[in-house]
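The values are calculated or read from the model by the stated rules, or taken from the named source; none is laboratory data. Fair warning: this is a prediction, and the values are worked out from it, not measured in the lab. Note that each Cβ is placed from the backbone with ideal geometry, even for glycine, and that neighbours are counted across all protein chains shown. To get the accessible areas, we keep the full protein, side chains included, count just its heavy atoms, and leave off ligands, DNA and RNA. Shrake-Rupley method; radii C 1.70, N 1.55, O 1.52, S 1.80 Å.
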Amino acid sequence: NLMLGAERAQTKGNSASAFRKNFPTTSLPDINFGSSDPADQSTSGSSYLTRRDNYFGRATYNFSEKYLAEFLFRYDGSPVFPEDNRYGFFPGVSVGWVASEEPFLQSATAIDFLKIRASYGQLGNDNIEESYAYLSAYSIGTAYNFGGTDVLGLYPGVLPNPTYTWEVLRTTNVGFEASLW
């Protein structure tokens, strides 16, 4: 059996806000009639665009109900990592042997069913504390004072990390299933 799939999720948005106080009258509620004193007003805005691309698949093989194998994968893309590390490949494999289907165990009266199995897989995580740590960050604030007036400016935030990438969880399992008597 073979199964392949793909998914794309994209979100975008923007916001804007403005504030003023000390209007001369409630009859003029439009924002431009509020106080012109900088301490009585503020504006802000932002925008964003994110996109995730995910590809996944699974291939299974069953020979004579005795020998079982499965390969699966995810190839995930996340905007929280730099372009060179944006995609991560996360494979998994499992194998099984139904020993009770072998002729040498079919005559055993105590064993109705016996399967031995093992698996290994990787899972990627992009929901980590320092998302977008590869970007240069700047903040807006008072940069200097000129003629007795504070002047806004940009100042750097955190240093970017261009090698930032996926957190990977690796899991290995070994087990058996049995039905006796």
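A few notes on this one:
- Annotation: residue 152 fulfils all but one of (1) among the hydrophobic types (A, V, I, L, M, F, W, C); (2) surrounded by 11 or more Cβ atoms within 10 Å (Cβ to Cβ); (3) over 19 Å from residue 50 (Cα atoms); the unmet one is (2).
- Some residue of segment 163-170 being in a loop (DSSP other than H, G, I, E, B), among the polar types (S, T, N, Q), touching a helix residue (DSSP H, G or I) at 6+ places or on another chain (Cβ under 9 Å) and touching a residue at least 12 places away in the same chain (Cβ under 8 Å): yes
- Count - residues of segment 79-93 that are touching a strand residue (DSSP E or B) at 6+ places or on another chain (Cβ under 6 Å), open to solvent by less than 40 Å² (accessible area, probe 1.4 Å) and either in contact (Cβ under 8 Å) with a residue 40 or more places away in the chain or not in a strand (DSSP E or B) (or both): 3
- Which listed residue, of 6, 39, 59, is more than 27 Å from residue 81 (Cα to Cα), of a type in the set (A, V, I, L, M, F, W, C) and either in contact with a strand residue (DSSP E or B) (Cβ under 8 Å, 6 or more places away or on another chain) or open to solvent by 100 Å² or more (accessible area, probe 1.4 Å) (or both): 59
- Residue identified as touching a residue at least 24 places away in the same chain (Cβ under 8 Å), in contact with a Leu (Cβ under 6 Å, 6 or more places away or on another chain) and more than 30 Å from residue 181 (Cβ to Cβ) among 13, 57: 57
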